[in-house]
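The values are calculated or read from the model by the stated rules, or taken from the named source; none is laboratory data. No experiment lies behind these values; they were computed from the predicted model shown. Glycine also receives a Cβ, built like all others from the backbone with ideal geometry; neighbour counts cover every protein chain displayed.
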Amino acid sequence: MNAKESMKNEVFALESREVNEGKKVAFIAGGINRDISKANLNGKVKSIGEHTHYIPLVVVDGEDVIKAGLSLKDPISGLPIDSSKAKDYLVIIEGQHRYMAIMELREKDAKAKKNYETAMKKWQKDGSKSEDKPEEYTPKAPTLIKAIYPLVEDEDIRIMISVMNNTSVKWNKGDFAKQAYAAYPDNEVLKFIVKYMDMKHQKAKRGGNDDMLPNGGFSLTTLSKYLIYSSKINESVLADTCKYGEDVLENKMGDEPNKLVKRAEAIIKAGLDAGFTYRFLAKGFFIDWIVEKNNLGTDYTKLIEVLRNVKKEDANSIMKEAQKHNFMEILNEKIK
């Protein structure tokens with residue numbers, strides 16, 4: 001009986017597995033699980049530091065990850081772990097933020113302990129006056145990190161990750177897009193979605209120019225409209241693509257998805273060439289105008305021709321004046 005079978009449904013400490021079996025900790029590489037969010041991590045550091053570690057992490061054996069066609073990485077450095085060493089690892093599939101928070105708390109505890117010991121030595125050297133005694137050092141990190149194997153056996157690891165994260169701390173749309181793209185890196189639709197979701201504004205250095213990128217990247221709703229002229233590619237579609245495969249997405253895209261990606265790129269390029277910024281194109285006004293024109297019988301290729309004649313001052317005026325309540329009227333007035 002292996003360790004997994006003997007520990008089925010039992011909570012155990014990662015530290016005990018390391019001492020007794022040499023098991024180290026790994027994450028899944030390649031975006032299958034979501035990236036570590038600084039905001040989420042800070043929240044976990046605060047809650048665990050104040051209230052300790054209530055819920056076990058969920059882990060699988062490293063060999064099972066490799067058998068599923070996935071790869072491993074070091075949680076701290078992010079460097080890849082050789083697949084031949086997978087048997088030496090337990091892989092966290094739920095609880096990455098909690099694990100990283102505990103690691104951060106342990107690092108802070110080590111520094112606090114060192115500072116306390118230094119202060120105590122100085123206090124003793126200076127005469128040990130009670131009123132000057134350093135405040136007692138109290139570690140905030142849990143002594144042990146508790147974990148458990150999944151209660152359901154023989155389930156696809158990708159599906160487990162997607163379901164657990166969608167029913168506990170809900171993933172955002174970008175998380176599902178990245179997971180689906182990591183699973184299907186040759187899928188042009190997913191590549192397009194992730195590309196524009198990741199196109200986010202970075203604050204310029206003093207004296208630098210504004211990059212004119214959208215603050216939060218393009219929304220999934222807007223990208224869906226660029227691709228299929230509707231918002232039917234939604235969070236549920238991406239979640240189901242993670243679980244069940246590319247066919248879910250292809251059912252929304254039709255027979256020639258790559259042509260629709262090229263069309264979307266051509267529309268965005270036409271908007272940029274006309275003088276609009278990525279920030280404006282991400283708002284959705286422009287693609288809503290394209291869709292409306294298409295519904296009235298004007299093909300996008302004709303609109304691209306029209307956009308070539310837009311003057312810079314008109315583009316600037318549109319970007320300045322267009323709002324949710326008036327964008328269609330303004331675009332129709334300025335682009336003829």
Residue list for segment 185-198, restricted to those being surrounded by fewer than 17 Cβ atoms within 10 Å (Cβ to Cβ) and assigned to a loop (DSSP other than H, G, I, E, B): PRO185, ASP186, ASP198
Quick one: which residue in ILE193, ILE228 is in contact (Cβ under 8 Å) with a residue 40 or more places away in the chain and either assigned by TED's automatic domain parsing to the domain that holds ASP35 or hydrophobic (A, V, I, L, M, F, W, C) (or both)? ILE193
Scope segment 54-85; condition loosely packed, with under 14 Cβ neighbours inside 10 Å, hydroxyl-bearing (Ser, Thr, Tyr) and assigned to a loop (DSSP other than H, G, I, E, B); matching residues: TYR54, SER77
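Which one of these is of a type in the set (Gly, Ala, Ser), at pLDDT below 90 and assigned by TED's automatic domain parsing to the domain that holds ALA147: GLY95, GLY31, GLY78, GLY62?
Numbers: GLY95 fails: at pLDDT below 90; GLY78 fails: at pLDDT below 90; GLY62 fails: at pLDDT below 90.
Result: GLY31 is the single residue among GLY95, GLY31, GLY78, GLY62 that is of a type in the set (Gly, Ala, Ser), at pLDDT below 90 and assigned by TED's automatic domain parsing to the domain that holds ALA147.
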Report yes if VAL261 is within 17 Å of ILE330 (Cα to Cα) and either touching a Gly at 6+ places or on another chain (Cβ under 6 Å) or modelled with pLDDT of 95 or more (or both), otherwise no. no
Among (1) more than 29 Å from GLY31 (Cα to Cα); (2) out of contact with any Gly (no Cβ under 8 Å at 6 or more places or on another chain); (3) surrounded by fewer than 14 Cβ atoms within 10 Å (Cβ to Cβ), which single condition is TRP289 missing? (3)
Being under 11 Å from TYR137 (Cα atoms) and surrounded by 12 or more Cβ atoms within 10 Å (Cβ to Cβ) is the filter here; which residues of segment 101-116 pass it? ASP109, ALA110, ALA112, LYS113, ASN115, TYR116
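If the requirement is being over 14 Å from TYR229 (Cβ atoms), crowded, with 17+ Cβ neighbours inside 10 Å, touching a residue at least 40 places away in the same chain (Cβ under 8 Å) and aliphatic (A, V, I, L, M), which of these qualifies: LEU331, LEU307? Working first, answer last.
On the way: LEU307 fails: touching a residue at least 40 places away in the same chain (Cβ under 8 Å).
Checking each option against the conditions leaves just LEU331.
For segment 126-133, does any single residue satisfy the condition of being in a loop (DSSP other than H, G, I, E, B) and either in the same structural domain as ALA39 (by TED's automatic domain parsing) or closer than 24 Å to ILE267 by Cβ (or both)? Please lay out each step first, then the result.
So the first thing to find is which residues in segment 126-133 are in a loop (DSSP other than H, G, I, E, B), and the list is 126-129, 133.
With the extra rule that they be either in the same structural domain as ALA39 (by TED's automatic domain parsing) or closer than 24 Å to ILE267 by Cβ (or both), the set shrinks to none.
Taking every residue of segment 126-133 in turn, none turns out to be in a loop (DSSP other than H, G, I, E, B) and either in the same structural domain as ALA39 (by TED's automatic domain parsing) or closer than 24 Å to ILE267 by Cβ (or both).
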Counting only residues in segment 1-18 that are assigned to a helix (DSSP H, G or I) and of a type in the set (Lys, Arg), the one modelled with the highest pLDDT is identified as ARG17
For residues that are under 34 Å from the mean Cα position of the chain (by Cα) and in a helix (DSSP H, G or I), scanning just segment 320-330, find the one that is farthest from PHE276 (Cα to Cα). MET328
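If we keep just the residues of segment 19-53 that are of a type in the set (A, V, I, L, M, F, W, C) and not in a helix (DSSP H, G or I), which is farthest from SER77 (Cα to Cα)?
So the first thing to find is which residues in segment 19-53 are of a type in the set (A, V, I, L, M, F, W, C), and the list is 19, 25-29, 32, 36, 39, 41, 45, 48.
Filter once more, so that each one left must be not in a helix (DSSP H, G or I): 25-29, 32, 36.
On the way: VAL25: 12, ALA26: 11, PHE27: 11, ILE28: 13, ALA29: 12, ILE32: 17, ILE36: 12 Å.
Across segment 19-53, the extreme among qualifying residues is ILE32.
Given the criterion in the same structural domain as TYR300 (by TED's automatic domain parsing), among the acidic types (Asp, Glu) and more than 29 Å from ASP299 (Cβ to Cβ), identify the matching residue among ASP288, ASP255, ASP210. Step through it out loud before you land on a result.
Details: ASP288 fails: more than 29 Å from ASP299 (Cβ to Cβ); ASP255 fails: more than 29 Å from ASP299 (Cβ to Cβ).
Exactly one of ASP288, ASP255, ASP210 is in the same structural domain as TYR300 (by TED's automatic domain parsing), among the acidic types (Asp, Glu) and more than 29 Å from ASP299 (Cβ to Cβ), namely ASP210.
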